[in-house]
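Engineer: Provided herewith is a single structure, encoded as structure tokens, for subsequent inquiry.
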Amino acid sequence: QVQLVESGGGLVQAGGSLRLSCAASGRTFSRDIMGWFRQAPGKEREFVGAIRWSGGSAYYADYADSVKGRFTISRDNAKNSLYLQMNSLKPEDTAVYYCAAKYNSGTLYAQARTDQNEYDYWGQGTQVTVSS
């Protein structure tokens, strides 16, 4: 049974940092696209960023414009884990953050996968609150 479990959310002041983690289990995710999405109160869930396999042992990360330069996605395949380092946080970053995985048997995607409907597995989410 595939499971994604997020952790690391919390309350932080504007300008601060948080690091979210996502622990994946149930199978190997090394070629899967692993992404982060978020949903603020009263808004639709939106793409934050994702990291995709680009051949061999290489990966490439894509980001939403709103977080580019502030957030960094990384993964540790040995631990089946995904991370989101969030720096220079703003009140508008307040949301529930979700980890997601898009199954991939070996396709080399040339573009970011930003559509949440493409993702097969989801975590329960972790709350991030940024106070002003």
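The values are calculated or read from the model by the stated rules, or taken from the named source; none is laboratory data. Note that the coordinates shown come from a computational prediction; the quantities given were computed from them, not determined experimentally. Ideal geometry is used to build each Cβ from the backbone, glycine not excepted, and the neighbour counts take in all protein chains shown. Just so you know, the surface numbers come from the protein's heavy atoms only, side chains and all, with ligands and any DNA or RNA stripped out. Shrake-Rupley method; radii C 1.70, N 1.55, O 1.52, S 1.80 Å.
Engineer: Once R0 is set to 22 Å, what does the formula 1/(1 + (r/R0)^6) return for the Cβ-Cβ distance between Tyr103 and Ala58, expressed as a FRET efficiency to the nearest 0.05? Walk me through the intermediate numbers first.
Structural biologist: Numbers: r = 19 Å, r/R0 = 0.87.
Step by step, r from the Cβ atoms, then E = 0.70.
Engineer: For the charge dipole of the chain, defined by +1 on Lys and Arg C-beta atoms and -1 on Asp and Glu C-beta atoms about the Cα centroid, which residue among Gly42, Pro91, Ser54 has the Cα displaced farthest towards the positive pole?
Structural biologist: With unit charges placed on the Cβ atoms, the residue in question is Ser54.
Engineer: Starting from the Cα-Cα distance between Ala110 and Val5, subtract it from 0.36 nm times their residue separation and give me the gain in nm to one decimal. Mind dumping the intermediate values first?
Structural biologist: On the way: separation 105, 0.36 × 105 = 37.80 nm, distance 2.76 nm.
Result for the pair: 35.0 nm of gain on full extension.
Engineer: OK, next. May I ask which residue of Gln127, Asn77, Leu11 lies farthest towards the positive end of the charge dipole of the chain, with charges of +1 (Lys, Arg) and -1 (Asp, Glu) on Cβ and the Cα centre as origin?
Structural biologist: Asn77
Engineer: Something else now. Could you check what % of the DSSP bridge pairs in the chain are antiparallel, to the nearest 5? Walk me through the numbers before you get to the answer.
Structural biologist: Working: 39 of 43 bridges.
Of those bridges, close to 90 percent are antiparallel.
Engineer: Given a 1.4 angstrom probe, what's the average accessible area per residue across the chain, in square angstrom?
Structural biologist: 51 Å²
Engineer: Once you charge only the Cβ atoms, +1 for Lys and Arg and -1 for Asp and Glu, what is the size of the charge dipole of the chain about its Cα centre, to the nearest 20 debye? Numbers along the way, then the final one.
Structural biologist: Values: 14 positive and 12 negative charges, 52 e Å.
Here the chain has a charge dipole of around 260 debye.
Engineer: Next question. Which aspartates and glutamates does Lys68 reach when only Cα atoms under 20 Å apart count, and residues fewer than 8 places away in its own chain are ignored?
Structural biologist: The reachable aspartates and glutamates, counting only those whose Cα sits under 20 Å from Lys68, are Glu44, Glu46, Glu92, Asp93, Asp115.
Engineer: Calculate the translational D of the chain in whole µm² s⁻¹ from Stokes-Einstein, where the hydrodynamic radius comes from the Kirkwood formula applied to all Cα pairs, the temperature is 4 °C and the viscosity 1.567 mPa s.
Structural biologist: On the way: Rh = 14.7 Å.
Rounded to a whole number, D works out at 88 µm²/s.
Engineer: Which percent of the accessible heavy-atom area of the chain goes to carbon and sulfur, probe 1.4 angstrom? Present the calculation step by step, with values, prior to reporting the outcome.
Structural biologist: Working: 2940 of 6750 Å².
Accessible surface attributable to carbon and sulfur in the chain totals 44 percent.
Engineer: Would you mind telling me which residue in Leu82, Leu20, Leu108 has the biggest mean-square fluctuation in a Gaussian network model of the chain, where springs connect alpha carbons within a distance under 10 angstrom?
Structural biologist: Leu108
Engineer: So for the pair Gln85, Gln13, with labels modelled 7 Å out along Cα→Cβ, what separation do we get in nm?
Structural biologist: Inter-label distance under the simple model: 2.2 nm.
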